[in-house]
Amino acid sequence: MKTLIKNIKKLVHTEDKPKIKSAGSEMAKINSIDNAFLLIEDNKILDFGKMEDFDTKIEIDKFYDASGKMVYPSFCDSHTHIVYAGSREIEYSDKIKGLSYEEIAKRGGGILNSAKLLHETSENELYEQAEKRIWEIIKQGTGALEIKSGYGLNPDDELKMLRVIKRLKETMPIEIKATFLGAHSVPANYKGRQTEYVDSVINEMIPVVASEELADYIDVFCDKGFFTVEDTDRILIAGMKYGLRPKIHANELDFSGGVQVGVKYNALSVDHLEFIGDEEIAVLLDSETMPTVLPGAAFFLGMRFSPVRKMIDAGLPVALASDFNPGSSPSGNMKLISSMGCINYKMLPEEVINATTTNTAYAMGISDTHGSIARGKFANIFITKPIPTIEFFPYAYGSNLIEKVMIKGKFY
Ligand code: NIG
Ligand code: FE
């Protein structure tokens, strides 16, 4: 089955030789083709090029005329907590009144509030809530997704979350990666006994998660008021024994040492990074770890912004993901994340494209099949409404400019 998208005003982020990630000054470079075609066979990209070079002898089953419109590779969202129960807008009001994220957490709100709700919610209901959210973000241009556990905080409920993620992997059209985040917060019944909770993560959770093949990666919230570098060290070693590569929450609330411990264990990514200095930059430069910034969380919590300009100018790659979760970023809209990248982090529109596609694909371990328009990669794209330039896309930050999405060759 061949589908031809023709007369594309601009085919954005094409690669003849796909890169696994984009770093430093390379991030500002995007290849695009004006007046282009994109040829799809079944679920993959077969070819692309200038309209005038299209071989008209090829038999086509389905046409789409994209006159005036642009075609982009789908966003890859490499950091979410999209499986959760209910919502937490009451804490949102508390935040508006001046309480900090840590103060809300200390009162038993925050992650523990979501853990309580999740405990009371059936596996089916949890699945249905997540499914709805995933369809919403598919329509907003996301074509691959990482999802974390971490609202269970006991063996049964963590497994419940991971089973929901497994079911979503099987039923949703987009690629999904699962991350085990048992060490997201110390649950109420372990208050004052953090080390014992870490023992439970290591001895009671990781072996089962691994034996049931419920996770691809392992995460720890390594930050002030949450888990220490020593806890993180122990959990990552335990996870890696079972082949779970780290992808951790680090340096959101302080210079926590999270970046260093992540790099020490060759984490695929370290995420958040509001607190980044010269030492963290030096460590990351000498690593294969993708620094991942979550603009939605910094925006929503009114936190300081990561020094993204400094990081890119130092030669680092940077990825941008949504962190979709009920407490610090209740949105998975990657177009809005792109605008935040430009406005709050002074990233160029081209840098933002690399940061939300190639680099997030790397941070999910799928850059061979996702993250750009390249022959042989999955046909995961979105078609815009008529727009004048690629700058217009993040500039018009409140407009829905996505007309149609295609996931693995199928239009939605
Ligand atoms: O990535 N920082 C830690 N965890 C989530 C927030 C989870 C929540 O508040 O529910 C985050 O921001
Ligand atoms: Fe997160």
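Worth a mention:
- Any hit, the stretch 177-185, residues being more than 28 Å from ARG107 (Cα to Cα) and within 16 Å of ligand 2 (Cβ to nearest atom): yes
- Taking the criterion of being surrounded by 24 or more Cβ atoms within 10 Å (Cβ to Cβ) and closer than 14 Å to ALA28 by Cα, the residues of the stretch 339-362 that qualify are GLY341, MET347, GLU351, VAL352, ILE353, ASN354, ALA355, THR356, THR357, THR358, ASN359.
- Complete set of residues in the stretch 250-295 that are of a type in the set (Asp, Glu) and more than 20 Å from THR357 (Cα to Cα): GLU252, ASP254, GLU274, ASP278, GLU279, GLU280, ASP286
- Residues considered: TYR265, TYR345. Of these, the only one that is among the aromatic types (Phe, Trp, Tyr), more than 16 Å from ligand 2 (Cβ to nearest atom) and under 24 Å from ILE137 (Cα atoms) is TYR345.
- Any hit, the stretch 115-136, residues being touching a strand residue (DSSP E or B) at 6+ places or on another chain (Cβ under 6 Å), within 16 Å of ligand 2 (Cβ to nearest atom) and under 30 Å from ILE390 (Cα atoms): no
- Number of residues in the stretch 112-141 that are in contact with a Pro (Cβ under 9 Å, 6 or more places away or on another chain), of a type in the set (A, V, I, L, M) and within 13 Å of ligand 1 (Cβ to nearest atom): the value is 3.
- Checking every residue in the stretch 106-121 against the condition of being more than 22 Å from ALA183 (Cβ to Cβ) and of a type in the set (Gly, Ala, Ser) gives zero matches.
- Number of the condition not met by PHE180 [criteria: (1) assigned to a helix (DSSP H, G or I); (2) in contact with a Leu (Cβ under 8 Å, 6 or more places away or on another chain); (3) not charged (D, E, K, R)]: (1)
- Residue match in the stretch 263-273 (condition: touching a helix residue (DSSP H, G or I) at 6+ places or on another chain (Cβ under 7 Å) and either among the hydroxyl-bearing types (Ser, Thr, Tyr) or over 29 Å from ASN333 (Cβ atoms) (or both)): yes
- Taking the stretch 192-216 as the range and being outside any helix (DSSP H, G or I) and within 19 Å of ASP156 (Cα to Cα) as the test, the residues that pass are GLU212, GLU213, LEU214, ALA215, ASP216.
- Residue within the stretch 206-216 that is assigned by TED's automatic domain parsing to the domain that holds ILE82, farther than 26 Å from THR356 by Cα and within 16 Å of ligand 1 (Cβ to nearest atom) present: no
- Here ALA379 meets each of (1) surrounded by fewer than 24 Cβ atoms within 10 Å (Cβ to Cβ); (2) more than 29 Å from GLU89 (Cβ to Cβ) with one exception, condition (1).
- Checked against the criterion of being surrounded by fewer than 24 Cβ atoms within 10 Å (Cβ to Cβ), outside any loop (DSSP other than H, G, I, E, B) and touching a Lys or Arg at 6+ places or on another chain (Cβ under 8 Å), the stretch 155-176 contains one or more residues that satisfy it.
- Scanning the stretch 154-181 for residues that are touching a His at 6+ places or on another chain (Cβ under 7 Å) and either modelled with pLDDT under 95 or over 27 Å from LYS335 (Cα atoms) (or both) yields one hit, ASP157.
The values are calculated or read from the model by the stated rules, or taken from the named source; none is laboratory data. Note that the coordinates shown come from a computational prediction; the quantities given were computed from them, not determined experimentally. Using ideal geometry, Cβ is built from the backbone for each residue, glycine included, and neighbour counts are taken over all protein chains shown.
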